[in-house]
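Bear in mind these aren't lab numbers, they're just calculated from the coordinates by the rules spelled out. None of the values given here were measured: they were computed from a predicted structure. Please note: Cβ atoms are built from the backbone with ideal geometry, for glycine as well, and neighbour counts cover all protein chains shown.
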Amino acid sequence: MNIKVVHSLMLAAMLISGSTLAAPVSNGGIIHFTGTVVEEPCVITQNTADQIVDLGSVASRELAAKNDISIKVPFNIILEKCDTTTIKSATFAFTGVSSPYEVTALLNNGDADKVGVQITDASGAIVPLNATPTAYSLALTAGSQNIAKFTAHMIATGTGVTAGSVDTQVTFKIAYS
């Protein structure tokens, strides 16, 4: 065999084997992509669809008498990309387990006793729990964020509130018209 052919074959073999002997490749991981396609007239912004509202620390003496409340903490539900050709407003309903001592307050699942959480709308009116979505209405504007403003606060559901954690949750639904 011709020496040039042998050298060419050896060079080709080295190049092929060199590329397989390059830096080791390790297993990486898996990336999951998720999302939702909705047939809703508006899209709820991701940061307001699921949220945590920190009601802070409140001294039990501030909730000494039944119906005493803590400072109101604001939270929003933001709707965007609304199709206002067919709908003009949104109404909200909140569903959760009510306190047996105050039906307008959410039952506390934490270890503080005789305290619940109450929600109010932008006007300060108490939002009824487990009602149809009619209590609070928001006029919708196309091409902008539509912000439904609410507040939440602790409420004494009886006298003798005891110290401890406050933890509850509520789900919301939106009806469009």
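Side notes on the structure shown:
- Between helix 3-20 and the chain there is an angle of about 10 degrees, using the helix long axis and the longest principal axis of the Cα atoms.
- Cα Rg, Dmax, segment 43-176, angstrom units: 15.9, 53
- Inter-site label distance for residue 103 and residue 87 at 7 Å from Cα along Cβ, in nm: 2.9 nm
- Only lysine pairs 8 or more places apart, or on different chains, with alpha-carbon atoms under 17 angstrom apart are counted in the chain, and they number 4.
- Taking all Cα pairs closer than 8 Å and separated by 6 or more residues, the relative contact order of segment 43-176 comes to 37 percent.
- Extension reserve of the residue 36-residue 54 stretch, reckoned as 0.36 nm per residue once the Cα distance is removed: 3.7 nm
- Computed extension length for residue 126-residue 149: 7.0 nm, one decimal, from 0.36 nm per residue of separation with the Cα-Cα distance subtracted.
- Of 37, 115, 166, the residue with the greatest mean-square motion in the GNM of the chain, using alpha carbon springs below 10 Å, is 37.
- Residue list for segment 126-143, given a label point 7 angstrom along the Cα-to-Cβ vector of residue 67 and an amide N cut-off under 14 Å: 126
- Maximal additional length on extending the residue 111-residue 163 stretch stands at 17.9 nm, based on 0.36 nm per residue less the C-alpha distance.
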